[in-house]
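A.B. asks: Below you'll find the structure I mean.
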Amino acid sequence: DNVRTANAVARDVGITATNVVADVLPSEKILFVKKLRQEGERVAMVGDGVNDSPALAEADVGIAIGSGTQIAHEAAGIVLVNSKLTDLLVAIDLSRTIYSRIRLNFYWALGYNSLAIPVAAGLFYPLTHTALPPYIAAFAMALSSISVLVSSLSLNSYEAPTFGEKKYGRDARKGQFGLDSLVYKASSGKQFNISIQCDAMQNNKPCLCQPETCECAPSGEHRVASQVDSSNFPGCHGQWGQQCKCDPCRCAGCSSCNSKS
């Protein structure tokens, strides 16, 4: 959880630097989760180690990596068996699908019984002078349960989201690593074209990438290439135009670090 590494990864996957919390103790992770919950946020925590376990238990939803420690598995409510972070999106999509099916079953059963029970109780008897035969009432009741069961069993046809057309080459890694864009297709059939943008663009500011290597979509206005210091250490705030905060500093020719090495 090194700060520089966390910032470098965050930039590669499109997470704003102000949302990065790194190099903290297990107790500090709990405090951060509590802070988010007090602000009214619903918190999901993903972790794999012993130091993540307290925060996994404190979060609204704890998600453990399959290859993580046993205590992390015990503290979490969900375990990603395949140990792939893309399974996190699959878990979210599956939970939404199941929740939607639960609501569908509830509304169907409520509506069905709201109509059938008055009929079985003789609502139309004054008009027809005919009572509903018991065997028909029993069949109607069984049909309600069977319809809900069949609806639930249809979840066996669930298809997990697919990920395709991945594009790599972030400026922070000189075009070698990092995710730039991703096509995500949910089980509902909806397709999302996700484009990773630099911190500045996420804050509605001009792109800070070098124009000749920038692949932000859409890039729009760029800063002058000379204003971007490509000699900064990967993960340094200077990579996206902010003051260097490395400690100790590893940036070549840096004049604004907290300390020198």
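A.B. asks: For the residue pair Ile117 and Ala137, what label-to-label distance in nm results when each label sits 7 Å from Cα along the Cα-to-beta-carbon direction?
C.D. replies: Output for this residue pair reads 1.4 nm.
A.B. asks: Which length gain, in nm to one decimal place, applies between Ser152 and Val21 when the Cα-Cα distance is subtracted from 0.36 nm times their residue separation?
C.D. replies: Contour length minus Cα-Cα distance gives 43.1 nm.
A.B. asks: Another question, if that's okay. Once you list every other residue whose beta carbon is under 11 Å from the beta carbon of Ala186, what net charge do they have if Lys and Arg are +1 and Asp and Glu are -1?
C.D. replies: With Lys, Arg at +1 and Asp, Glu at -1, the neighbours total +1.
A.B. asks: Give the Cα extents of the range 62-121 along the principal axes, in whole Å, largest first.
C.D. replies: Projected onto its principal axes, the Cα set of the range 62-121 covers 58, 22, 13 Å.
A.B. asks: Arranged from highest to lowest average of other beta-carbon atoms within 10 Å per residue, in what order do the peptides 53-59, 154-160 appear?
C.D. replies: Packing proxy ranking, top to bottom: 53-59, 154-160.
A.B. asks: Excluding ligands, DNA and RNA, what is the solvent-accessible area per residue of the range 1-50 at a probe of 1.4 Å, expressed in Å²?
C.D. replies: Here the per-residue accessible area is 64 Å².
A.B. asks: Ignoring ligands, DNA and RNA, please state the percent of accessible area on the range 86-127 from carbon and sulfur, probe 1.4 Å.
C.D. replies: Whole-percent figure for carbon plus sulfur exposure: 75.
A.B. asks: Another question about this same structure. Can you run phi through the Karplus equation (6.51, -1.76, 1.60; θ = phi - 60°) for the range 116-133 and list ³J(HN,Hα) in whole Hz, with x for Gly and Pro?
C.D. replies: Result, ordered by residue: 6, 5, x, 5, 5, 7, x, 4, 9, 4, x, 8, 9, 6, 10, 8, 6, x Hz.
A.B. asks: Please list, by residue number, every one of the trypsin sites (Lys or Arg not before Pro) in the range 1-101 that is coil in DSSP and has at most 14 other beta-carbon atoms within 10 Å.
C.D. replies: Taking the range 1-101 and a limit of 14 other Cβ atoms within 10 Å, the loop trypsin sites (Lys or Arg not before Pro) found are Arg42, Lys84.
A.B. asks: Using a/c under 1.5 as the rounded threshold, could you call the range 37-95 rounded, prolate or oblate? The axes a ≥ b ≥ c are square roots of the C-alpha gyration tensor eigenvalues, and prolate needs a/b larger than b/c, oblate otherwise.
C.D. replies: Cα axes put the range 37-95 in the oblate bin.
A.B. asks: Expressed in nm to one decimal, what extension gain is obtained for the pair Lys84 and Tyr125 from 0.36 nm per residue of sequence separation less their Cα-Cα distance?
C.D. replies: Extending this stretch completely gives an extra 8.6 nm.
The values are calculated or read from the model by the stated rules, or taken from the named source; none is laboratory data. Bear in mind that the values here come from a model prediction, so they are computed numbers and not experimental data. Don't worry about glycine lacking a Cβ; one is built from the backbone with ideal geometry, like all the others, and counts go over all protein chains shown. Just the protein is used for accessible areas: all its heavy atoms, side chains included, with ligands, DNA and RNA removed. Shrake-Rupley method; radii C 1.70, N 1.55, O 1.52, S 1.80 Å.
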